[in-house]
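The values are calculated or read from the model by the stated rules, or taken from the named source; none is laboratory data. Small disclaimer: the values here were computed from a predicted structure and weren't measured. Positions of Cβ are backbone-derived with ideal geometry, glycine not excepted, and every protein chain shown enters the neighbour counts.
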Amino acid sequence: MSTPLTWGAPPPERADAARNRQRLLATARELLAEAGPDSLTMDRLAERSGLGKGTVFRRFGTRAGIFQALLDDNERALQQEILSGPPPLGPGAPPVDRLIAYGSARIRFLAENQAIARAATEGRRVSGRRPPLSQIHIHVLLRELDLPDADVDLLAGQLASALEGPLLLQIFDAPEQYRTARTDRFEAGWRYLVERVCGPAGTAAD
């Protein structure tokens, strides 16, 4: 049996640090709602929040770091559904069903958070990072399947790359009226990919 996935709670924070983080995230959301992503800069966030620039830089590092923090905060609800929500996204469904459900949920999440996700990728390299949580989760589910001769480590990375932000954001880079159709097509493509590699949905692993 595979080791259960632990997405990992954030490390403990001092009370003042936690308050500052929540204040900065709330202020960042206000700026986004008022004037969109271009309005959200390190200087404006410090000025609007009433916190020093040093606090903002220590917390986020770069402008892209602000958006990554917002994206991570938005993703907590999805992570909770994966850990303890109803199947097939949560535990209790066959691994192929969970893979399909996870990919669909991830695609919809990035479609709904496109502006934040796009800004979070600015100036960042995809290579050289630790494995993303998508890859870890997919790896756990693949190990529950009987895939003879499969290099599960490599396969997890290949499947996870299909759900990487930069790739999906190119697909979602379309007028608003076409975004739902593109999301539906990409979800169907993810299901086809998983079933071709891992077998049909609705079948439990031996």
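Here are some notes:
- Within segment 128-148, if we keep just the residues that are part of a loop (DSSP other than H, G, I, E, B) and modelled with pLDDT under 90, the residue that is surrounded by the fewest Cβ atoms within 10 Å (Cβ to Cβ) turns out to be P148.
- Subset of segment 1-55 that is β-branched (V, I, T) and exposed (fewer than 15 other Cβ atoms within 10 Å of the Cβ) - its residue that is modelled with the lowest pLDDT: T3
- Every condition in (1) assigned to a helix (DSSP H, G or I); (2) under 21 Å from the mean Cα position of the chain (by Cα); (3) surrounded by 16 or more Cβ atoms within 10 Å (Cβ to Cβ); (4) aliphatic (A, V, I, L, M) is met by L163 except one, and the failing one is (1).
- Of the residues examined, S84 is one that is over 15 Å from the mean Cα position of the chain (by Cα) and of a type in the set (S, T, Y).
- Enumeration of residues in segment 166-206 that are of a type outside the set (V, I, T) and in contact with a Leu (Cβ under 6 Å, 6 or more places away or on another chain): L168, C198, A205
- Listed here are the helices (runs of 4 or more DSSP H) enclosed by segment 56-127 that have at least 3 residues being assigned by TED's automatic domain parsing to the domain that holds D184, among the small types (G, A, S) and surrounded by 19 or more Cβ atoms within 10 Å (Cβ to Cβ): 95-112, 114-120.
- Test for I138: is it touching a Lys or Arg at 6+ places or on another chain (Cβ under 7 Å) and within 15 Å of R106 (Cα to Cα): no
- Restricting attention to segment 33-51 and to residues that are under 15 Å from G65 (Cα atoms) and in contact (Cβ under 8 Å) with a residue 12 or more places away in the chain, the residue that is farthest from the chain's Cα centre (by Cα) turns out to be R44.
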